[in-house]
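Below is the structure I would like to discuss, written out as structure tokens.
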Amino acid sequence: HALLRDGAGYITMMRDPVQRVLSLYRYVRGSPQHHRHTRAINMTLGEFTVWAADETANWVTRALCAPRDERVPGWTIAVVAECHKNATFAVERAKAHLARDFAVVGVHEHYAASVALVKLCLGVSDREVGADSTAVFGESQGKVNRPTAADVAAIRAANVMDIEVYRLSDRPRY
């Protein structure tokens, strides 16, 4: 970021927080090479959501609030601590980071439009990117039951900050 002469702009894809957790659960259960697979394969969605809270609870907001890189302007241990204890601070800092530093904020639920914005931002054509660039990523392979209303409610409750940040980005922007 700071090493580039003209600075850097980021490109990211946002995803509905509930869908992100469901996808992670399916992926981990269907990927024997994943470090969480052995334990997760025998867990319910609710158990997994609690056990893997470092990846399932407000993960996006925490990553945007305090990226794990001290070369990012404004990164300090104090900021990391504040992001973990002050929800308002974390959400506002994450939103500001998205608005200030991201050239494109794509949205998984609007994948084709998001890819078109990335192409526009990078100045590349379909031929340069490839024919399948608008195909949504493959489905996760893990077999799971349909989430219960209680599972979805628990995921929502654990992702209040991510839901707020996602609302800022519910449409792709360039």
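Amide H of MET14: which non-local residues (sequence gap of 5 or more, or other chain) have their own amide H closer than 5 Å, using H built in the peptide plane?
Amide H neighbours of MET14, under 5 Å, 5+ apart: GLY106, VAL107, HIS108.
If you filter the range 12-101 for GluC sites (Glu not before Pro), then keep DSSP loop positions with at most 13 other Cβ within 10 Å, what is left?
Details: sites: GLU47, GLU55, GLU70, GLU82, GLU92; in loops: GLU70.
Those that pass, being in a loop and sparsely packed, are GLU70.
Local charge sum around GLU55 (other residues, Cβ-Cβ under 12 Å, Lys/Arg +1, Asp/Glu -1)?
Local net charge: +1.
Continuing with this model, one more query. From the backbone phi of the range 148-162, what are the Karplus-calculated ³J(HN,Hα) couplings (6.51 cos²θ - 1.76 cosθ + 1.60, θ = phi - 60°) in whole Hz, Gly and Pro given as x?
For the range 148-162, the Karplus-derived couplings read 7, 4, 5, 4, 4, 4, 5, 5, 4, 4, 7, 10, 4, 5, 4 Hz, x marking Gly and Pro.
How far, in nm, would the chain grow between ILE77 and ARG156 when pulled straight, counting 0.36 nm per residue and subtracting the alpha carbon separation? Show your work: numbers first, answer last.
Numbers: separation 79, 0.36 × 79 = 28.44 nm, distance 2.79 nm.
This chain segment gains 25.7 nm when fully extended.
So how much slack lies between ASP54 and CYS121, counting 0.36 nm per residue of separation and subtracting their Cα-Cα distance, in nm?
Working: separation 67, 0.36 × 67 = 24.12 nm, distance 3.21 nm.
Difference between extended and current length: 20.9 nm.
Kindly rank 94-107, 113-126 from highest to lowest mean number of other beta carbons found within 10 Å of each residue.
Working: 94-107: 17.9, 113-126: 14.9.
Result, highest mean first: 94-107, 113-126.
FYI, it's all coordinate maths here, none of it is from the lab. Given the structure is predicted, the values throughout are model-derived calculations rather than measurements. Positions of Cβ are backbone-derived with ideal geometry, glycine not excepted, and every protein chain shown enters the neighbour counts.
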